[in-house]
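Worksheet: the structure to be examined is printed underneath.
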Amino acid sequence: QVQLVESGGGLVQPGGSLRLSCAASGRILSINAMGWYRQAPGKQRELVATITSGGSTTYADSVKGRFTISRDNAKNEVYLQMNSLKPEDTAVYYCNAADVKVPTFRYLDVWGQGTLVTVSS
């Protein structure tokens, strides 16, 4: 079994910062890519940022220049540093691990339970 657990969400004022963390656990041999997605009230889930095991990153246009994704391959952890937060960033943020290689030689796609980020004054 592979599990992702997010942490770091909470209430922050506009212009503030938060750092989200996601830890993957289980019999993991490798993870190709990890990322963050979010779902705002009344909206569809959208990609926020992704990072490969080699360090290549991609960001949604709405967060470029404000958010930074990083990962620790040895710990199977991924982070999202969020700066200059705006009310429109309010959403449940979900961690994702894609192409998770396990000892059964299967590749899994795993999602965390989500952590709520609320940006409000």
Practice problem: Give me the net charge of Val100's neighbourhood, meaning all other residues with Cβ under 12 Å from the Cβ of Val100; Lys, Arg count +1, Asp, Glu -1. | Solution: +1
Practice problem: Provide, as a two-decimal number, the C-alpha radius of gyration of the chain over 2.2 N^0.38 Å, N being how many residues it has. | Solution: 1.04
Quiz item: So how strong a dipole does the chain carry about its Cα centre when Lys and Arg Cβ are +1 and Asp and Glu Cβ are -1, to the nearest 20 debye?
Solution: 100
Quiz item: Most mobile of Ala24, Ala91, Ala74 per a Gaussian network model of the chain (Cα springs, under 10 Å)?
Solution: Ala74
Quiz prompt | Residue-normalised accessible area of the chain, given per residue in Å² at a 1.4 Å probe | solution = 53
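May I ask you to compute the full-extension gain from Thr68 to Gln1, defined as 0.36 nm times their residue separation minus their alpha-carbon distance, rounded to one decimal in nm?
Once the chain is fully extended between Thr68 and Gln1, it gains 21.3 nm.
The values are calculated or read from the model by the stated rules, or taken from the named source; none is laboratory data. These numbers were taken from a predicted model, which means no experiment stands behind them. Note: ideal-geometry Cβ built from the backbone for every residue, glycine included; neighbour counts use all protein chains shown. Heads up: the accessible areas ignore ligands, DNA and RNA and are worked out on the full protein's heavy atoms, side chains in. Shrake-Rupley method; radii C 1.70, N 1.55, O 1.52, S 1.80 Å.
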